[in-house]
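One structure is given below, encoded as structure tokens.
Each reported figure results from applying straightforward, stated rules to the coordinates on display, with no laboratory input. Not measured: the values here are computed from a predicted model. Neighbour counts run over all protein chains shown; Cβ positions are idealised from the backbone, glycine included.
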Amino acid sequence: MPPLATELVPIARIKIPNPRSRNQHVFQEIVDSIAKVGLKRPVTVSRRANGRTFDLVCGQGRIEALRALGQTLIPAIVLDAPVSDCMVKSLVENVARRRHSHMELLADIAALKLRGYDVQQIATKTGLSAEYVGGIARLLENGEQRLVNGVERGTIPLTVAVDIAAAKRSDVQAILQNAYESGALRGRKLIAAKRLVESRLRKGKSSTPTSRGGEKMTVAGLVRTYERDAERKRHLIREVHNSDEQLAVLAHILKTLLADPGFVAVLNSEGLSSLPSCLAARIKAEVDAYANQ
């Protein structure tokens, strides 16, 4: 396909149908870059029915940078498409950009959802995974407003907010968000704590997240619950390792004894020639490993 032709369009005739606020530091970087090396890419616009004005599809930052530099014309790829199609294209390009704020991503996916696109369609159009888009959709639909506010303030990453929003109850979301923002639980610990609380609720131990003493759970109580569960699992792992070591010793002893024909004859005479399957398999594995050395 040949490259699309560009034309110089008066900046004053370009309307921005989906304006967004700009990080001033990032905006200044755009201005400085254009001032030094010029505009690297044209903007994309759609010609209105009157033929004289245009709707912006992509390139708000470049338009504002050129305006700040005192320019009145900008190179543009001009499309002839309905406003609704251009709006969707603009939203999709914003979502697909490598650098965007979390709130921009939330706002654009919300806008696409409102226009009737489902999770799979948004994922296909933007190149994001369906799982990620679905998580953001859940955050917008099920997440407590304070979660979205936390993303906006920058106190909680979007990915963490999406994970927390998977806990559908607002009281659970609030505890988990407080635990993250206070630094008490982060990363895998936070996800493990979420599973613990949800497991308690599913099993019907209480109608609200509670500590062992039956009181309403706080962040400190959630941390204690997580630490007790982590210690219980560490204890189980130690027991498994101990059992495995004991089984290895027993298998080695029996392998040595079963190599003695006299011992085998005694076992046969007493009707004790069979072994538990796990021991028999362990002994066979040791014998095979020795034979292959």
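What the table shows:
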| quantity | calculated |
| --- | --- |
| Distance between modelled label sites at Arg228 and Glu198, nm, 7 Å Cα→Cβ extension | 2.2 |
| Length released on extending from Ile16 to Lys216, taking residue separation times 0.36 nm less the Cα-Cα span | 67.0 nm |
| Least to most buried among Glu227, Glu198 (fewest other Cβ within 10 Å first) | Glu227, Glu198 |
| Descending Cα extents along the principal axes, the stretch 1-81, whole Å | 36, 28, 22 |
| Footprinting exposure proxy for Phe263, Phe54 (fewest neighbouring C-beta atoms within 10 Å first) | Phe263, Phe54 |
| Arg41-Ala184 pseudo-label distance in nm [points 7 Å out on the Cα-to-Cβ vector] | 4.5 |
| Which of His102, His252 has the fewest Cβ neighbours within 10 Å, and the rest in rising order | His252, His102 |
| Cα centroid separation, the stretch 108-160 to the stretch 6-72 (Å) | 27 |
| Unit charges at the beta carbon, dipole of the stretch 103-256: most positive-side option, Ser182, Val133, Thr218 | Thr218 |
| Set Lys15/Lys36; Lys89/Lys113; Lys15/Lys40; Lys168/Lys203 screened for pairs whose C-alpha atoms are more than 24 Å apart | Lys15/Lys36 |
| Cut-off 13 Å (backbone N to label point 7 Å along Cα→Cβ of Asp80), residues of the stretch 7-50 | 47-50 |
| Theoretical gain in end-to-end length, Arg138 to Asn268 [0.36 nm per residue, Cα-Cα removed] | 40.2 nm |
